[in-house]
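Presented below is the structure to which this report refers.
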Amino acid sequence: MSLQVSLTGQLVAGPSASSDNQFPSGTDTTPFGLVQDPRQYAVRTGTQQVNVNSPSSFTALGGIGSSSSVSSAFLLYMRTTIGMDVRITRVNPAGGSFVTTEHVAGLLVYECDAAQPITLVEVQGAGQLEFAAFGNA
């Protein structure tokens, strides 16, 4: 049995609806999905809901890392209830790691090349977040 993950949706922007018609017209609709949809995976964290209380230092999310259920992820989903700093560490094929820090206030969908997988996700802040990671190891 093969495991698959898929992401489908659309981003809609424009004026609010007035009765049954848009006034004025001009709605933009942008579909989105994964680069390869559906995408095969071997392991996942499952959807985790956590309370974070680390306002002055980064703390690792459980389930993602060298001794966790997902040691290398190609897809990270996260939703926060309040702005938090998120630090993502990925493999650099030339050696070492790539590290990026983003301030996330709401939705984050992070897809990366399987040759440069996510090996660690850390957060800093105080609030609730939901996340899931998918990978091949």
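See the values below:
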quantity	calculated
Amide H partners (placed H, <5 Å) of Y41, local residues excluded	L3, Q4, V5
Within segment 41-135: Cβ-based charge dipole about Cα centre, in debye rounded to nearest 20 (Lys, Arg +1; Asp, Glu -1)	120
Label-reachable residues, segment 99-137, where backbone N falls under 13 Å from a point 7 Å from D85's Cα toward its Cβ	100-104, 122-126
Two-site FRET efficiency, Q116 against D28, from Cβ-Cβ distance with R₀ of 35 Å, rounded to 0.05	0.65
Mean Cα-pair separation over length for the chain, i.e. relative contact order, pairs under 8 Å, 6 or more apart, %	31
Protection proxy ranking of 52-61, 67-76 - average other beta-carbon atoms within 10 Å, highest first	67-76, 52-61
Taking the C-alpha atoms of the chain, convex hull volume expressed per residue in Å³	151
Under 5 Å, built H, 5+ apart or other chain: amide partners of L34	L7
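Only the coordinates and a few stated rules stand behind these numbers; no lab work does. Everything numeric here is computed off the predicted structure, so don't read it as measured data. Glycine gets a Cβ as well: all are built from the backbone with ideal geometry, and neighbour counts include every protein chain shown.
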